[in-house]
Amino acid sequence: MTTLLDPTSERTTGERPISARPADLADGTVGLLDISKPRGDVFISRLDELLTEMGVAVRHYRKPTFSKPAPLDLRCQIAAECGAVIEALAD
Amino acid sequence: MSLPIADGLLVVVKDDCETCHLVVPVLAELAGREDGVAVVSQDRADFPEGFDAIHDRQLDISWHLGTETTPTVYRIDDGEAVDEQAGWYRAGWERVTGMTGLGAGLPEQRPGCGSDTMLPDNYQRLLRRHSPYPMSSRRVDLGTAEDPVEAAYARGWTDGLPVVPPTEERVARMLEGTDLPPGHVLCTLPPDLAECTVEKVAINAVMAGCRPEYLPVVLAAVEAAAGRGFNIHGVSATTYFSGPVLIVNGPVRRRIGMNSGVNVLGQGNRANLTIGRALNLVVRNVGGARPGGVDQATFGSPSKLSFCFPEDEEGSPWESLAVQRGFGPEESTVTLFAAHGPIEVVDQKSRTPESLARTLALQLRMVAHPKLAGMSEAVVVVSPEHARLFREAGWTKPRLGEEIHSLLTLPVSEMVAGAGGTAEGMPPWLADQRQELTKFSPEGLWFVHAGGGAGGFSAIISGWVGGRAGSEMTTVAIDH
């Protein structure tokens, strides 16, 4: 019998349920996260207009660079200040 | 383990060895001593006849002694071998035993035979059995009818090419290439932020086809990839083309037989090909970056499979990349660059460095897009024919760099979005602030020397987003 050594990290994938969706966006502030890709600002601005028309409060955030995960502090700030977040992908 | 005797003489022999049969009369002389002699036989309990030999069936005694040849006579002192003589060599046996006139009638010397511990299968088994550092990876038992190569595919371990099955014996042999224990945690590897041990790197190096002496280069490359500056998470996740390009400098290049000459960026050299592949397998299997998962590249490129080469330092008119990056010429290093390519540069007509620099600049402007500046970095692999022109004219690397930066300082009006009839380009507001833009940042353009002796070509390796916004070129010393 051949025995091989496992080349992977031997981690099992953790599964977490998706967090509960807000019943009404007007109940809390919506964060708009620009990931710093070209034209992300165009998309974010349009979302701002549409949400503001609906009477939803918005706050703007921006990642320092699209090439790296959002810094932990930024993620904590968004979680503390907003009930929901929309992240604009790009180009 | 301990030896069968704590003090005295011990001889390792085997029946399947002519020289061992030759020295049987000598063993009889040694047996006549007051303290006698311990005879250890590797292959038969009854050889040599009449000596009540200790049968080293599992070869543990021979392994402990490090026996490479039979016969070998040892002087044991306080449980350790303090002197030894391999084969039959009268003066040597007399030195070890402290006796004179041994083996009268025998020739002065006769070479011995290979010890059974050195047979490949035995060697691997013994290495694993006696490793002071047991391996801790999960054992995957295959069915008797299961092909190990197919099993690796089925478990998602490969990059699409077949891998060498990572058996315990092969991994134990690979681990001989480093002085680090297998359990040593080398780094935490994104994107899964998984602990990456030396053992995991060794397993993937086996699969990639590496030899043990390549392992230190692979270990250094994994450390470089896991560094914050290199940003392997971003390199793996981007839609862009790039993967890790490895450039090796220093004495290790020659020691492990890397190719910096003909076909340097192509196929044919085991070290070049398997070291780059091993890094990518580690990123896949330990880091967790798999195509279609975290890896969302639109096209990808061969650097995601293997893109690794050494610089031709001996033939270069310039200091090496490693020296430019702050290391000594006698240090072995590996530099990681998030990149892809190469883009060809053809210039068979230039006879002055000014003319050749213009050719390089024209082609370098293409990196990413002719209207984008300050985003990507580039490494130019300058061939021996092109390098000769710069050498004869006395152009240093900084001189060439200055020339190209100057040639690639371009009017903003040509670079902004919309200019030249295409929407791609630099943001239009830049035109209000400045007249000119330089294609590469001062640290964004590098030159290395490699390639075959014939051909008026060079090669551009173009990078992903460079610097702190993306991936920083990273150089580490190879010291394990």
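Tabulated results
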{"item": "Residue identified as in contact (Cβ under 8 Å) with a residue 40 or more places away in the chain and either under 19 Å from B:A6 (Cα atoms) or surrounded by fewer than 13 Cβ atoms within 10 Å (Cβ to Cβ) (or both) among B:D16, B:D35, B:D60", "result": "B:D60"}
{"item": "Residue check for B:S350: hydroxyl-bearing (S, T, Y), at negative phi and in a loop (DSSP other than H, G, I, E, B)", "result": "yes"}
{"item": "Filtered residues of the range B:160-187 (kept if among the hydroxyl-bearing types (S, T, Y) and either within 14 Å of chain A (Cβ to nearest Cβ) or surrounded by fewer than 14 Cβ atoms within 10 Å (Cβ to Cβ) (or both))", "result": "B:T167"}
{"item": "Answer from B:R155, B:R128, B:R138 - the residue that is within 13 Å of chain A (Cβ to nearest Cβ) and buried (at least 18 other Cβ atoms within 10 Å of the Cβ)", "result": "B:R128"}
{"item": "Residue check, B:E354 in contact (Cβ under 8 Å) with a residue 60 or more places away in the chain, of a type in the set (D, E) and surrounded by fewer than 19 Cβ atoms within 10 Å (Cβ to Cβ)", "result": "no"}
{"item": "Residue within the range B:89-106 that is surrounded by 13 or more Cβ atoms within 10 Å (Cβ to Cβ) and at the interface with chain A (Cβ under 10 Å from one of its Cβ atoms) present", "result": "no"}
{"item": "Of all residues making up the range A:1-43, the number that are within 14 Å of chain B (Cβ to nearest Cβ), among the small types (G, A, S) and outside any loop (DSSP other than H, G, I, E, B)", "result": "1"}
{"item": "Any chance B:L65 is more than 25 Å from B:R129 (Cα to Cα), of a type outside the set (S, T, Y) and crowded, with 20+ Cβ neighbours inside 10 Å", "result": "no"}
{"item": "Residue identified as modelled with pLDDT of 95 or more, within 17 Å of the chain's Cα centre (by Cα) and of a type in the set (G, A, S) among B:S306, B:S316", "result": "B:S306"}
{"item": "Selection within the range A:44-91 - assigned to a strand (DSSP E or B) and β-branched (V, I, T)", "result": "A:V58, A:V85, A:I86"}
{"item": "Matching strands (runs of 3 or more DSSP E) fully within the range B:361-480 where at least 1 residues are crowded, with 17+ Cβ neighbours inside 10 Å and within 14 Å of chain A (Cβ to nearest Cβ)", "result": "B:376-382, B:457-465"}
{"item": "Complete set of residues in the range B:295-319 that are more than 30 Å from B:R399 (Cα to Cα) and surrounded by 16 or more Cβ atoms within 10 Å (Cβ to Cβ)", "result": "B:D295, B:A297, B:G300, B:S301, B:K304, B:L305, B:S306"}
{"item": "Qualifying residue in the range A:31-49 (condition: surrounded by fewer than 12 Cβ atoms within 10 Å (Cβ to Cβ) and touching a residue at least 40 places away in the same chain (Cβ under 8 Å))", "result": "yes"}
{"item": "Yes/no for B:E169 being touching a helix residue (DSSP H, G or I) at 6+ places or on another chain (Cβ under 9 Å), touching a residue at least 12 places away in the same chain (Cβ under 8 Å) and part of a helix (DSSP H, G or I)", "result": "yes"}
{"item": "Residues located in the range B:141-152, provided they are more than 7 Å from chain A (Cβ to nearest Cβ) and not in a helix (DSSP H, G or I)", "result": "B:G143, B:A145, B:E146, B:D147"}
{"item": "Residues of the range B:73-108 satisfying the condition of being polar (S, T, N, Q) and either at pLDDT 95 or above or over 20 Å from B:V26 (Cβ atoms) (or both)", "result": "B:Q85, B:T97"}
{"item": "Extreme residue, surrounded by the fewest Cβ atoms within 10 Å (Cβ to Cβ), among residues of the range B:188-222 that are facing chain A (nearest Cβ under 10 Å) and out of contact with any helix residue (DSSP H, G or I) (no Cβ under 8 Å at 6 or more places or on another chain)", "result": "B:L193"}
{"item": "First in the range B:305-327 and under 17 Å from B:Y214 (Cβ atoms), second anywhere and surrounded by 22 or more Cβ atoms within 10 Å (Cβ to Cβ) and of a type in the set (K, R), Cβ under 6 Å, 6 or more apart", "result": "B:S306/B:R277; B:P310/B:R253"}
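The values are calculated or read from the model by the stated rules, or taken from the named source; none is laboratory data. Model, not experiment: these values are computed from the prediction. A quick note on method: Cβ atoms are made from the backbone with ideal geometry, for glycine too, and the neighbour counts reach across all protein chains shown.
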